[in-house]
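Colleague: Okay, here's the structure, questions in a sec.
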Amino acid sequence: MSWAYDRLEGMKLPDFHVPAPQKLQRRHIAIVTETFAPDVNGVANTLGHLCHGLLSAGHTVTLVRPVPTGDVSRIFDAGEHADSFQEIRVRGVPLPRYRELQIGWPSATLLRTSWAQSRPDQVYVATQGPLGWSAQRAARKLAIPVCAGFHTNFQTYSRYYGLGFMQRFITLYLRLFHNRAALTLVPTQRMQEHLLSLGIPQTAVWSRGVDCGQFSPELRDPALRQAWGVEEEDLAVLYVGRLAAEKNLRQVSATFDRLLAIHPRARLVLVGDGPLKAGLAQRYPDYLFCGMQTGTRLAQHYASGDLLLFPSKTDTFGNVVIEAMASGLPVVAYDDGAAAEHIDDGVSGLTVPLDDDEAFTRAALRLADRPSLRSRMGKAARREALSLSWSRLVEQFLVLIPNAPPEVAEDAARQSYPPL
């Protein structure tokens with residue numbers, strides 16, 4: 001795809017400036033997504049913060065989503081802003097080989113009817129399934145500007161679920177989907193460059209925030225560490241995330257095996273759930289599986305660890321990284337996503353090249369051997385996280401989402417791109 005990288009030479013990607021909050025007009029934003037609370041994942045977390053931020057700023061939000069499943073106690077609560085929040089729920093079917101998530105049923109007629117009666121100023125389509133496609137169709141019929149989000153590397157995930165033969169088709173679909181929107185929001189500049197290489201040029205960077213009140217070093221819990229079998233002078237190595245093939249958990253095991261040979265009292269604490277849990281538990285009975293954690297309990301798990309391994313090479317961002325940083329936890333990660341954007345290598349954590357697994361292990365061993373270095377990096381990580389407020393990012397979102405009519409997207413969609 002050298003044609004795309006040639007275009008990047010000397011090209012300045014968009015630089016957006018956020019105005020003061022009082023200059024932002026009150027708007028009605030429709031958010032279309034196939035994952036939301038009570039789902040527990042980075043996309044649902046991001047959209048939950050976005051909805052709360054928009055409502056708190058006085059905007060109206062219409063959420064379009066499949067009928068929720070799971071723990072109803074975690075359903076989104078608009079609180080005092082309930083009058084400004086409404087949901088349109090559509091049918092959904094479980095995503096093959098990822099049954100915790102649903103594919104929303106195409107609902108163009110329903111959305112066109114609803115939006116004709118209560119017209120949004122903008123539509124933000126966060127996921128690229130049939131529901132998102134039909135939402136784009138409905139919005140275009142009503143001449144409502146549409147912005148898309150690129151939250152998940154579906155074309156990359158396909159390799160881990162026996163669907164690698166479909167990767168080219170999925171990429172072509174994503175190109176078509178995103179070029180029908182006036183703009184696609186991506187979480188990092190590196191992802192912006194990647195989408196350009198796929199033939200998706202109309203993009204802007206919208207990063208992610210973290211609640212530094214919820215995630216804090218002050219939540220370190222000696223009782224929790226004792227429950228893990230870890231004394232204060234011992235080492236608790238954390239992994240937080242889905243226990244699934246695309247998360248590169250083999251690297252966690254390989255790294256911890258090396259670390260355990262030097263620090264035999266260390267414990268590997270895995271926070272999360274997923275299809276690999278049973279196999280991992282059988283193969284590694286000494287690993288500590290804490291299951292899915294949310295809210296204060298999740299924050300306590302972060303703060304009670306000593307370092308976090310983030311081995312994923314497929315995440316578009318990785319909210320786990322900045323949650324750990326807010327908790328004062330040094331992170332070892334590949335130089336991609338949130339780690340590339342927010343970790344100052346050697347200062348607030350350690351990052352290594354995507355193709356250097358040995359360097360990942362060496363970085364973890366370096367932190368394991370040096371408690372004072374972990375402490376310094378954890379404090380620097382916390383300082384960086386304090387700058388990532390959700391209120392600022394909600395303001396930026398309102399600036400970025402387009403007011404242009406759908407004809408802008410139609411012009412982009414008509415462009416021809418070289419084959420992948």
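The values are calculated or read from the model by the stated rules, or taken from the named source; none is laboratory data. Owing to the predicted nature of the structure, the values given are computational and were not obtained by experimental measurement. Positions of Cβ are backbone-derived with ideal geometry, glycine not excepted, and every protein chain shown enters the neighbour counts. Only protein heavy atoms, including side chains, enter the accessible area calculation; ligands, DNA and RNA are left aside. Shrake-Rupley method; radii C 1.70, N 1.55, O 1.52, S 1.80 Å.
Colleague: Any idea how far apart T109 and D221 come out in nm if each label point goes 7 Å out from Cα toward Cβ?
Modeller: Label-label distance for T109 and D221, simple model: 5.0 nm.
Colleague: Sticking with this one: Between beta-carbons, use under 15 Å as the cut-off and find the net charge around Q226, counting Lys and Arg +1, Asp and Glu -1. Show your work: numbers first, answer last.
Modeller: Working: positive: R220, R225, R265, R267; negative: D221, E231, E232, E233, D234, D306.
Result for the local shell: -2.
Colleague: Grab the alpha carbons of the range 189-271, take their convex hull, and tell me the volume per residue in Å³.
Modeller: On the way: hull volume 12.8 nm³, N = 83.
Taking only Cα atoms, the range 189-271 has a hull volume of 154 Å³ per residue.
Colleague: While we're here: Can you find, among L183, S253, Q167, the residue sitting farthest towards the positive end of the charge dipole of the range 161-277, where Lys and Arg contribute +1 and Asp and Glu -1 at Cβ?
Modeller: Of L183, S253, Q167, it is Q167.
Colleague: To continue, here is another question. Quick check on the chain: what does the Kirkwood estimate of hydrodynamic radius come out to from the alpha carbon pairs, in Å?
Modeller: Values: mean 1/r = 0.0447 Å⁻¹.
For the chain, inverting the mean 1/r across all distinct Cα pairs yields 22.4 Å.
Colleague: Between Q226, Q102, Q396, find the one with the highest GNM mean-square fluctuation for the chain; connect C-alpha pairs within less than 10 Å.
Modeller: Maximum among the listed residues: Q226.
Colleague: What share of Cα pairs, in percent, lie more than 14 angstrom apart in the range 329-393?
Modeller: Details: 1153 of 2080 pairs.
Tail fraction, whole percent: 55.
Colleague: While we're on this one: With a/c under 1.5 counting as rounded, go ahead and sort the range 264-415 into rounded, prolate or oblate using the C-alpha gyration tensor (a ≥ b ≥ c being the square roots of the eigenvalues; past the cut-off, prolate if a/b is larger than b/c, else oblate). Provide the component values of the computation, followed by the final result.
Modeller: On the way: a/c = 1.92, a/b = 1.65, b/c = 1.16.
It is prolate, given that a/c is not under 1.5 and a/b is the larger ratio.
Colleague: Just subtract the alpha-carbon distance of D344 and T294 from 0.36 nm times their residue separation and send over the number in nm, one decimal. Please list the in-between numbers first.
Modeller: On the way: separation 50, 0.36 × 50 = 18.00 nm, distance 2.75 nm.
My answer for the length gained is 15.3 nm.
Colleague: As an exercise, use a Förster radius of 30 Å and the Cβ-Cβ distance of A143 and R250 to find the FRET efficiency, rounded to the nearest 0.05.
Modeller: On the way: r = 49 Å, r/R0 = 1.65.
Efficiency, from the Cβ-Cβ distance: 0.05.
Colleague: Would you mind getting the accessible area per residue of the chain, heavy atoms of the protein chains only, 1.4 Å probe, in Å²? It would help to have the intermediate numbers written out before the result.
Modeller: Details: 18260 Å² over 420 residues.
Accessible area per residue, the chain: 43 Å².
Colleague: Mind checking the full-extension length gain between S375 and E80? Use 0.36 nm per residue of separation minus the Cα-Cα distance, one decimal, nm.
Modeller: Numbers: separation 295, 0.36 × 295 = 106.20 nm, distance 4.01 nm.
Value of the extension gain: 102.2 nm.
Colleague: If you place +1 on the Cβ of every Lys and Arg, -1 on the Cβ of every Asp and Glu, and leave all else neutral, what size is the dipole of the chain about its Cα centre, to the nearest 20 Debye? Before the final figure, lay out each step's value.
Modeller: Values: 44 positive and 42 negative charges, 201 e Å.
Dipole magnitude for the chain comes out near 960 debye.
Colleague: For the range 51-125, just the Cα set please: Rg and Dmax, both in angstrom.
Modeller: Spelled out, the Cα radius of gyration and Dmax of the range 51-125 are 13.8, 39 Å.
Colleague: Starting from the Cα gyration tensor of the range 181-325, multiply each eigenvalue by 5, take the square root, and state the resulting semi-axes largest first in whole Å.
Modeller: So the three semi-axes of the range 181-325 are 32, 19, 13 Å.
Colleague: Keeping all protein chains in the complex and leaving out DNA, RNA and ligands, what accessible area do you get for H81 with a 1.4 Å probe, in Å² to the nearest 10?
Modeller: About 50 Å², rounded to the nearest 10.
Colleague: Using a 1.4 angstrom probe on heavy atoms only, work out the carbon and sulfur share of the accessible area of the chain in %.
Modeller: Numbers: 9330 of 18260 Å².
After summing per-atom areas, the C and S share lands at 51 percent.
Colleague: Still on this model: In nm, to one decimal, how far is the E87 label point from the R265 one, both placed 7 Å along Cα→Cβ?
Modeller: Each label point lies 7 Å from its Cα, and together they span 4.8 nm.
Colleague: Tell me the net charge near N403. Cut-off is 11 Å between Cβ atoms, N403 excluded, with +1 for each Lys or Arg and -1 for each Asp or Glu.
Modeller: Details: positive: R27; negative: D121.
Its environment carries a net charge of 0.
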